[in-house]
Amino acid sequence: MKPLLCILLILMVAPSPAWCQPDSLFTSDGYLGLPDNERYPQSAHQPSQVIPKQRYFSISAITTTDAKHFKETEASGGARYITQKDGFVYYATEVRGDFVHLLAGTRAWVTILLRYKCKAP
């Protein structure tokens, strides 16, 4: 009985495969809650509730790429929030760095979410 209980607990907390992301990645405003051509926080729209806003300093507009870029990104483990809609694969990557310069030489380490789409392979 104990091994079965352990297996059930593992299945309950195991992450979903990349292609099984929830439909909530798309809202009426677009992928991850933002229109394709808008960036957060400059957009009047808010990111989808599945996106932890406090984690990202900004979220990019969508860049159209090719299937090769998607496959390479996915193979390297860098693709996040993967979903398909209307013949396109939508995905995002995280970029971390000290891109933000604050007061007189003070810099901030931030994470930026870059959004992409490509024709479904």
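Values quoted throughout were computed directly from the atomic coordinates according to the rules given, and no laboratory measurement underlies them. It should be emphasised that the depicted structure is a prediction, and the values quoted were computed from it without experimental measurement. A quick note on method: Cβ atoms are made from the backbone with ideal geometry, for glycine too, and the neighbour counts reach across all protein chains shown.
Just to check, using Stokes-Einstein with a Kirkwood Rh over alpha carbon pairs, what's the diffusion coefficient of region 31-121 at 4 °C and 1.567 mPa s in µm²/s?
D = 93 µm²/s.
What is the Cα centroid distance between region 23-42 and region 82-121, reported in whole angstrom?
Here the two parts' Cα centres lie 13 Å apart.
Could you compute the FRET efficiency for Arg107 and Asp66, with r as their C-beta to C-beta distance and R0 at 35 Å, rounded to 0.05?
Rounded to the nearest 0.05, the efficiency is 0.55.
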